[in-house]
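See structure below.
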Amino acid sequence: MTTTNATPRFRIGLVSDTHGLLREEAIAALRGSDHLIHAGDIGDPGILQRLSTIAPLTAVRGNNDVGDWADAVPETQQIEFRGARIYVIHDLATLAIDPRAAGIDVVVSGHSHRPRCERRQGVLYVNPGSAGPRRFRLPIGVGVLTIDAAGIDAQLVTLYVGAANASPSSGVRATRGT
């Protein structure tokens, strides 16, 4: 049985902390995604509308998302694509489940504005950073999850670097069951 070409890649664009600003560079980086995830601090419901014109969208509410429109956005979401279970939350510090015990493969979060991609106890944690207004000297960016027969690949895409020592795009490959 050949699985290399049998299952095409599924691309999920990750965005967080837009705070009412959806940069054209972020839109360009997210184009071509099969699905999008916004990990909170959206700032304006129009951002969700714009993102949903690119691909189907899953979004969670951040601590700065307030008002009637924000009340309709859940605080957490769990979704599954190609057998990969993804848990979405804005602030990782409020995570109230054990992702590994719950069978979660990837946790996507935002809040800190710090892009980060790491594996802990078999679970891939991805924070795409902020795609909105610059905070401190942190880079502006988005992320991409790619799911294929080999596993789940996470990549951080830097759109603007805020400090001379900020790292460029980076990624982590995770295989399921390890």
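Laboratory data are not the source of any read-out in this text; all were calculated from the coordinates shown. Small disclaimer: the values here were computed from a predicted structure and weren't measured. In this analysis, Cβ positions are derived from the backbone assuming ideal geometry, glycine residues included, and neighbour counts consider all displayed protein chains.
Between SER52 and ILE79, the simple label model (points 7 Å from Cα in the Cβ direction) yields a spacing of 1.2 nm. The mean sequence distance of close C-alpha pairs (under 8 Å, at least 6 residues apart), as a share of the length of the chain, puts its relative contact order at 22 percent. Peptides 131-139, 106-114, 68-76 ranked from most to least packed give 106-114, 131-139, 68-76, packing being the mean of other C-beta atoms within 10 angstrom over each peptide's residues. Placing unit charges on each Cβ (+1 for Lys and Arg, -1 for Asp and Glu) gives the range 1-104 a dipole about its Cα centre, and among HIS19, PRO74, SER33 the Cα reaching farthest toward its positive end belongs to SER33. Packing, as the average of other Cβ atoms within 10 Å across residues, places the peptides 144-150, 37-43, 91-97, 50-56 in the order 37-43, 144-150, 50-56, 91-97, highest first.
In order along the range 86-100, the phi-based Karplus estimate (6.51 cos²θ - 1.76 cosθ + 1.60, θ = phi - 60°) of 3J(HN,Hα) comes to 10, 10, 10, 8, 6, 9, 4, 5, 9, 4, 10, 10, 9, x, 4 Hz; Gly and Pro are listed as x.
Dipole magnitude for the chain: computed about the Cα centre from +1 point charges on Lys and Arg Cβ and -1 point charges on Asp and Glu Cβ, it is near 620 debye. How would the chain be classified by its alpha-carbon gyration tensor: rounded, prolate or oblate, with rounded meaning a/c under 1.5 and the a/b versus b/c comparison settling the rest? Rounded is the answer for the chain, as its axis ratio a/c remains below 1.5.
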